[in-house]
């Protein structure tokens, strides 16, 4: 009986221990269930927020990068165009203004764009003759080369009256008139400068005289911060093609 009682007591102890362990495990599991989900939920929400924020930041960055690049390109192009207009087209504008006023017969205004005396082009001619000189003037600027900040060359194609043909025809008329006077035993002194200029005007008005086109280069200089076209032989040749050559041959 004693042995049985002893066995029962030991069994009872083991069962108590088992029950205690079981209760301990149950308690631990309950504590884990209470704490774990709480931390997991917080972690998931925070992680999701961070992921969304990072994604949004990347998208925004991708969105503004092309915009910034476009703005920079536009600013660079605008700056380049400004430099080109200021440095390269200023001599061009002066030549355009000069030729436009010469064609219109406004020699006073044309003189504002000349470096030198406009008399090189119009010396000894009255107002009517001056207006007939360039009434068929047309031009095309091919290239502007700035050699330095104060000097430039302008290559252009000029279409205007064939002054070589005009001078040759004028001289023939004048000589024929003089010959007629001599044959008629009249003094050549009866011919005044106005008489000879009349023949020249007739040839300037002569519609049978064709135009001619030449490509040449004129010079430009900067004076008092303004570009002006140099009034020299190069300009005379551009505006009155063949004139100098014909006059030299007659001399």
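Here are some residues: 163, 99. Which one is within 15 Å of residue 235 (Cα to Cα) and over 32 Å from the mean Cα position of the chain (by Cα)?
On the way: 99 fails: over 32 Å from the mean Cα position of the chain (by Cα).
Being within 15 Å of residue 235 (Cα to Cα) and over 32 Å from the mean Cα position of the chain (by Cα) holds for just one of 163, 99, which is 163.
Answer yes if at least one residue in the range 185-205 is touching a helix residue (DSSP H, G or I) at 6+ places or on another chain (Cβ under 9 Å), modelled with pLDDT of 75 or more and not in a helix (DSSP H, G or I), and no otherwise. If you could, list the steps in order and put the result at the bottom.
Just the residues of the range 185-205 that are touching a helix residue (DSSP H, G or I) at 6+ places or on another chain (Cβ under 9 Å), to begin with: 186-188, 190-191, 195-197, 199-205.
Filter again for modelled with pLDDT of 75 or more, leaving 197, 199-205.
Next, from what is left, pick out any that are not in a helix (DSSP H, G or I): none.
No, that holds for no residue.
So which of 160, 211 ends up being surrounded by fewer than 18 Cβ atoms within 10 Å (Cβ to Cβ), out of contact with any helix residue (DSSP H, G or I) (no Cβ under 6 Å at 6 or more places or on another chain), within 26 Å of residue 114 (Cα to Cα) and modelled with pLDDT of 90 or more?
Being surrounded by fewer than 18 Cβ atoms within 10 Å (Cβ to Cβ), out of contact with any helix residue (DSSP H, G or I) (no Cβ under 6 Å at 6 or more places or on another chain), within 26 Å of residue 114 (Cα to Cα) and modelled with pLDDT of 90 or more holds for just one of 160, 211, which is 211.
The values are calculated or read from the model by the stated rules, or taken from the named source; none is laboratory data. The structure displayed is predicted, hence computed values, not measured ones. All Cβ positions, even for glycine, are placed from backbone atoms using ideal geometry, and neighbour counts span all protein chains on display.
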